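Some notes on the structure that comes next.
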Amino acid sequence: MTRREFLEVLAAALAAGLPLATRAASEPQALYVLPKRRGQVTLLHFTDCHAQLLPVYFREPDVNIGVKEARGKPPHLVGEALLRHFGISPGTALAHAYSHLDFVEAARRYGKVGGFAHFATLVKQVRAQRPGALLLDGGDTWQGSATALWTQGADMRAACRALGVDMMTAHWEFTYGAARVKQALAEDLGSIEFLAQNVRSADFDDPVFKAYSLRELNGVPVAIIGQAFPYTPIANPRHFVAEWTFGIQEERLQKTVAEARAKGAWAVILLSHNGMDVDLKLASRVTGIDAILGGHTHDAVPRPVVVKNASGTTLVTNAGSNGKFLAVLDLEVTRAGVSGYDYRLLPVFANALPADADMEALIRKYRAPYAAKLGEKLAVSEGLLYRRGNFNGTLDQVILDALLAVKGAEIAFSPGFRWGTSVLPGTPITTEDVMNATAITYPYVTVNELSGESIKALLEDICDNLFNPDPYYQQGGDMVRIGGMRYACDPTAAMGKRIGNMTLKGQPIEAGKRYKIVSWAPVAEGASGEPVWEVVSTYLRNSKTIRPPALNRPALSGVGADPGIAPGA
Amino acid sequence: MKRSRRRFLEASAGTAAWGAAAALGLIAVMPAGAARNAAGFDSKAAAEAVKHLGATDALESKDIIITAPDIAENGAVVPIAVTSKLPNTQSISIIAEKNPFPLAATFDFGSGAEGYASVRLKMGQTSNVRAIVKADGKFYTAVKEVKVTVGGCG
């Protein structure tokens with residue numbers, strides 16, 4: 001019996017119903033047996049792995065609200081609403097991969113996800129079934145772990161070279177600074193092409209990176225255009241890329257599509273770090289793109305959204321985060337264009353994919369100098385720690401509690417990042433876990449005094465970056481996490497009217513009064529302070545046991561029964 | 001970076017954003033505070049500035065394209081370009097509605113000149129940026145919002 005036959009038998013057995021324990025081991029493996037390819041072209045896509053070289057737990061959000069036209073449509077579906085929309089049976093491996101439902105129990109059953117050694121095995125398995133496939137990395141690859149931070153992404157570049165990544169675009173990569181990015185391109189990116197049509201020099205508008213690459217895949221000329229995160233100098237410190245300008249650059253993108261077509265591309269793909277809402281709008285306005293392989297917003301969307309525009313349709317995908325998924329897009333292409341497609345967002349279940357020995361050795365080599373330090377057990381968590389969700393996660397609550405306790409402030413702010421891994425109840429919180437939630441190049445903790453009026457203005461500003469009804473004004477992060485102060489939020493209101501009922505210890509926040517605020521990740525140049533991981537580690541060591549944190553989430557209004565909010569969330 | 005182009009422009013650096021085009025003799029420039037329409041440039045409200053331009057009845061036009069960031073990367077230097085496809089474009093004015101002095105620039109064009117102007121504006125807060133174009137003796141307008149945000153939270 002060949003491996004394929006074995007897995008087909010397995011799949012049949014699964015359909016017939018096997019005991020749960022057997023299913024946990026074999027059910028994911030069946031996902032990796034692909035049907036015969038539709039067409040000739042295959043694009044493999046992963047994005048936002050955030051430097052997670054080892055397998056992790058990652059809980060998907062229970063709150064992911066879409067406003068106006070985006071309400072209740074992918075990617076703004078969570079939990080059961082998401083499963084229903086995509087026809088996924090609850091209690092299965094796929095349901096666990098795509099949703100937060102029964103997270104702890106399912107995580108114990110199916111084990112960790114991702115990890116580059118397991119990911120490498122999956123890439124090899126898929127490549128064997130899809131000869132001539134291209135492997136695309138959507139960015140946010142060099143940041144998110146201690147080893148990436150301490151090697152300035154060198155560990156990730158080595159892993160991506162070994163994985164056989166063909167092309168990439170970027171976002172957090174830029175937070176190592178423009179010079180470091182250019183150095184990486186020159187020295188250790190190997191044959192990986194770094195593509196970004198929307199990054200130009202601020203002075204003369206000259207291109208900084210190659211905009212697109214034209215490759216022949218099984219006889220079909222295909223153009224891949226890169227789209228870096230348009231708001232890098234706004235969402236992250238501008239001084240890292242002071243001489244470059246970003247933006248969505250629709251007009252230039254349209255010209256690039258035309259140029260690629262003129263040079264003979266039968267299909268045009270955008271490898272995008274726009275975020276899914278931005279990509280959906282862009283797909284309706286820019287013509288001639290067959291598929292947008294998207295990232296940034298970390299949405300694990302099982303099927304593409306088909307967007308109509310003036311000249312045809314564009315598929316829009318988003319492939320999750322933290323190394324949890326490999327997307328496989330098969331395209332049937334003729335000279336006249338794309339005539340059919342097949343898409344799979346494969347979860348990477350580490351227990352179902354033996355580690356690739358070469359990749360495992362590479363990871364061990366890069367981790368060796370830091371392994372002992374990263375393994376330090378700082379405290380034991382009694383509850384589940386996770387980050388994702390529009391307003392707050394338990395992991396962020398621990399960070400907020402730590403900031404308040406260690407720095408003696410009244411109010412704490414923690415940025416609404418969407419990366420950061422999960423910790424299961426009853427397990428130790430290690431230095432590595434803390435770094436997975438905090439490893440950035442501007443980790444400083446700062447204490448400031450702000451007036452009530454300024455706090456309100458700040459929260460309105462951040463909230464508008466999340467809930468502006470026009471996706472082009474959304475930056476793709478979540479709401480700032482807040483400790484100490486309580487508030488109410490109406491995501492559907494206009495800017496300036498979303499935030500209300502701000503109270504501290506039961507007393508209303510006063511516009512003219514000043515409050516002591518502790519926060520981290522300042523974007524201003526010249527900021528300094530203790531790295532946030534030091535503050536959190538101090539708190540954890542002192543606490544020894546972390547009880548399930550009391551989540552400070554705002555009282556929501558205006559949203560009603562929203563499919564982007566899980567019941568009880 | 002093309003050295004020669006950089007040197008050429010550095011030579012006229014004092015003229016800032018509109019220096020290059022003006023140096024090439026394509027347009028006549030009326031910087032803020034110039035003698036003509038001083039009242040317009042001194043106006044502290046957008047409506048008043050529009051009135052001083054004589055453009056209160058300006059028609060919305062799709063032939064005016066404002067190229068500006070949706071979200072400013074740096075509020076201190078927001079690049080704004082206006083292209084007018086209207087025949088016989090005579091002038092382009094740029095107004096940042098919420099700036100303390102909203103009328104930022106007026107460009108007068110000689111006959112046959114291409115209707116294009118670009119500036120870098122300082123903007124302290126989110127604002128509509130309005131272009132007012134005079135073409136064939138009539139006024140036309142277009143508007144685009146530019147958001148100025150505190151940043152952070154990627």
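The values are calculated or read from the model by the stated rules, or taken from the named source; none is laboratory data. In this text the structure is predicted, and so the values were computed from the model without any measurement. No Cβ is skipped: glycine too gets one built from the backbone with ideal geometry, and neighbour counts run over all protein chains shown. Each accessible area value is taken on the protein alone, full model and side chains, heavy atoms only, with ligands, DNA and RNA left out. Shrake-Rupley method; radii C 1.70, N 1.55, O 1.52, S 1.80 Å.
Observations on the model:
- Residue that is modelled with the lowest pLDDT [pool: residues in the stretch A:1-51 that are open to solvent by 70 Å² or more (accessible area, probe 1.4 Å) and part of a loop (DSSP other than H, G, I, E, B)]: A:MET1
- Filtering the stretch A:463-497 to residues that are of a type in the set (A, V, I, L, M) and farther than 19 Å from B:SER127 by Cβ leaves A:LEU466, A:MET479, A:VAL480, A:ILE482, A:MET485, A:ALA488, A:ALA493.
- Within the stretch A:174-193, the set of residues being under 21 Å from A:LEU43 (Cβ atoms), open to solvent by less than 10 Å² (accessible area, probe 1.4 Å) and not aliphatic (A, V, I, L, M) is empty.
- Looking across A:ALA361, A:ALA379, A:ALA319, one residue alone is surrounded by fewer than 24 Cβ atoms within 10 Å (Cβ to Cβ) and either in contact (Cβ under 8 Å) with a residue 24 or more places away in the chain or under 30 Å from A:LYS516 (Cα atoms) (or both). It is A:ALA379.
- Residue check for A:PRO354: under 26 Å from A:PRO302 (Cβ atoms) and out of contact with any Ser or Thr (no Cβ under 8 Å at 6 or more places or on another chain): no
- Index of the failed condition, A:PRO548 passing every other in (1) at pLDDT below 95; (2) open to solvent by less than 40 Å² (accessible area, probe 1.4 Å): (2)
- Residue within the stretch A:254-268 that is touching a residue at least 60 places away in the same chain (Cβ under 8 Å), open to solvent by less than 10 Å² (accessible area, probe 1.4 Å) and within 14 Å of chain B (Cβ to nearest Cβ) present: no
- Identity of the residue in the stretch A:135-173, touching a strand residue (DSSP E or B) at 6+ places or on another chain (Cβ under 9 Å) and among the small types (Gly, Ala, Ser), that ends up most open to solvent (accessible area, probe 1.4 Å): A:GLY164
- Flag set for A:TYR366, criterion: touching an Asp or Glu at 6+ places or on another chain (Cβ under 8 Å) and surrounded by fewer than 22 Cβ atoms within 10 Å (Cβ to Cβ).
- Of the criteria (1) open to solvent by 10 Å² or more (accessible area, probe 1.4 Å); (2) touching a residue at least 24 places away in the same chain (Cβ under 8 Å); (3) more than 14 Å from chain B (Cβ to nearest Cβ), which one A:ASP205 fails: (3)
- Residue match in the stretch A:507-516 (condition: under 19 Å from A:GLY416 (Cβ atoms) and modelled with pLDDT of 95 or more): no
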